[in-house]
Amino acid sequence: MSPVHYVALSAILFVIGAVGVLVRRNAIVIFMCVELMLNACNLAFVAFASMHGNLDGQVIAFFVMVVAAAEVVVGLAILMAIYRARRSASVDDANLLKY
Amino acid sequence: MNHAHVLASGTNTDEVARETIFWILCVASIGAALAMILVRRAVHCAMMLAVVMLALATMYAMQGAPFLAFVQIIVYTGAVLMLFLFVIMLIGVSSEDSVTETIKGQRLAAGLVAIGFFVILILGVGHAALGPATPATAANGTDNLSGLATLIFTTYVFPFEVTGALLITAALGAMVLAHRERTTPRPTQRQLAARRLESGHMAPDPPSGVYALHDAADRPALLPDGTTSDLSVSTVLAPRGVAEEPPSVRPRKEQDAITAEGGREPAPSGRADA
C-alpha cells in the first residue's frame, strides 16, 4: 500500500473526529473524539515516515502520544472537578461564563 | 515501509495480503469511528474508539513501526482508554447524551463544515507530491527500535526532556484538580465507637440487598413495601417454636424495647430456649 492511502484514511478519521467534537454534548465523548483526531495525525506521521524512509515521523508520533496522555490526565481531572460542582458532564451545563 | 518492506519483499501474494488487510482495517476503522460519533452511550463510544486504535496499531506495524504499534496498544488502548472508562464509571454509566440541538442548525452546519474541510484535505493530499514508500536508509540503525532510540536520545533529546517536565506538570495538575478539602474534621475511632453505641445497634448492619432490622436466622426479612416475608425464615424453626412472630414495621428502638421485655436477647443467633 502506498502512503497516499494511509494519509487519505487519516484525513477521513480526522474529519470524523472533528464532526464528533462539533456535534456531541457529553464532555467525555468530545475528549474521545479529540483522541481520534490525534490518532489520525499519528497515522499521517507514520505514513510520511515510511514514505521518506527515515524515522523522524515516528519520533514525532511518539511525542504526540506522550502529549495526548498528559492532556487526557488533566482533561479528565477537570471533567471530574466540573462534575463534582455541577453534577453533569454535559458541555451545555457549564455555562456560567456565557454572555 | 522499512521493516515490513523487508518482510514483504518477494512474491506478489504478500502484496495482495497486505492490500487485503489494509482495506479490511480501513473499513473497520472508519466504521468504528462513525459508530463512535453516532452511538449515544459513552461506554459504547469507548469500545468503538478501542476498535479504531487497534486497527491503527496494526497499520503502524504494517508500515514498519512495530515500536509505535506496541506503544499504541499499551498506552492508548491499555492506559488512556481505561482512564476514560474509569471516569465514565465515576460519572455514571447510564448517562446518555441528549438528542436535542441546543444551537439551531448546529448539526447541519457541522456537517457542511466537515464536508468542506474534508474536500480541502483530500485536495491537499492529492496535490502533494506523495511518493511510494522508500526502503530504510542505513542512518536508521540496525532496526526500528535502536533507530528510534538513537534519534530520541541525540537529535530529539531536548524535546524528550521537555515531555518529561510536561508529564510531571500533568501529574501535579491532576492531583491538584482531583483534590478535595475536608470541610469537617475526620472522626476519630473513639468518636465512631461512641456513635455506634448511641445508635443502639451494635451488630454490623446487614449487607446491601437484605431488607431486615436484625440479621438473626429466625427473623423474617422485610420486603421493600414494609411487610415481612415468611419465606425468608427456615421452615424447621416454626415447629420448634423458636420462630419470631412476624413483627410489624416499627422504628428500631421501639422494637428492641419489645424484644428486651420478652426476655429474648437481641443476639444474632444461637439461642438456647428451644
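The values are calculated or read from the model by the stated rules, or taken from the named source; none is laboratory data. Owing to the predicted nature of the structure, the values given are computational and were not obtained by experimental measurement. Backbone-built Cβ (ideal geometry, glycine too); neighbour counts: all protein chains shown.
The sole residue among A:94, A:47, A:68 that is under 18 Å from residue B:61 (Cβ atoms) and hydrophobic (A, V, I, L, M, F, W, C) is A:47.
Residues checked against (1) modelled with pLDDT under 90; (2) hydroxyl-bearing (Ser, Thr, Tyr):
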position: A:30; (1), (2): no, no
position: A:50; (1), (2): yes, yes
position: A:67; (1), (2): no, no
position: A:95; (1), (2): yes, no
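Looking only at residues in the stretch A:20-44 that are assigned to a helix (DSSP H, G or I) and more than 12 Å from the chain's Cα centre (by Cα), the one that is nearest to residue B:24 (Cα to Cα) is A:43. The criterion of at least 3 residues that are touching a helix residue (DSSP H, G or I) at 6+ places or on another chain (Cβ under 8 Å) and either under 30 Å from residue A:22 (Cα atoms) or more than 10 Å from chain A (Cβ to nearest Cβ) (or both) is met, among helices (runs of 4 or more DSSP H) falling completely within the stretch B:98-199, by B:106-127, B:157-178. Against the condition at the interface with chain B (Cβ under 7 Å from one of its Cβ atoms), within 16 Å of residue B:59 (Cα to Cα) and among the hydroxyl-bearing types (Ser, Thr, Tyr), how does residue A:83 come out, does it pass? Against the criterion (at the interface with chain B (Cβ under 7 Å from one of its Cβ atoms), within 16 Å of residue B:59 (Cα to Cα) and among the hydroxyl-bearing types (Ser, Thr, Tyr)), residue A:83 does not qualify.
Of all the criteria given as (1) within 21 Å of residue A:66 (Cβ to Cβ); (2) at pLDDT 90 or above; (3) surrounded by 17 or more Cβ atoms within 10 Å (Cβ to Cβ), the one not satisfied by residue B:70 is (3). Of all residue pairs spaced 6 or more apart or on separate chains, those with beta-carbon atoms under 7 Å, a first member in the stretch B:79-92 that is under 22 Å from residue A:86 (Cβ atoms) and a second member that is outside any helix (DSSP H, G or I) are B:91/A:89.
Just one of the listed residues (A:89, A:94, A:40, A:61) is surrounded by 21 or more Cβ atoms within 10 Å (Cβ to Cβ), under 23 Å from residue A:17 (Cβ atoms) and more than 7 Å from every other protein chain (Cβ to nearest Cβ), namely A:40.
Looking at A:8, A:77, A:70, A:47, just one residue is facing chain B (nearest Cβ under 7 Å) and touching a residue at least 12 places away in the same chain (Cβ under 8 Å), and that residue is A:47.
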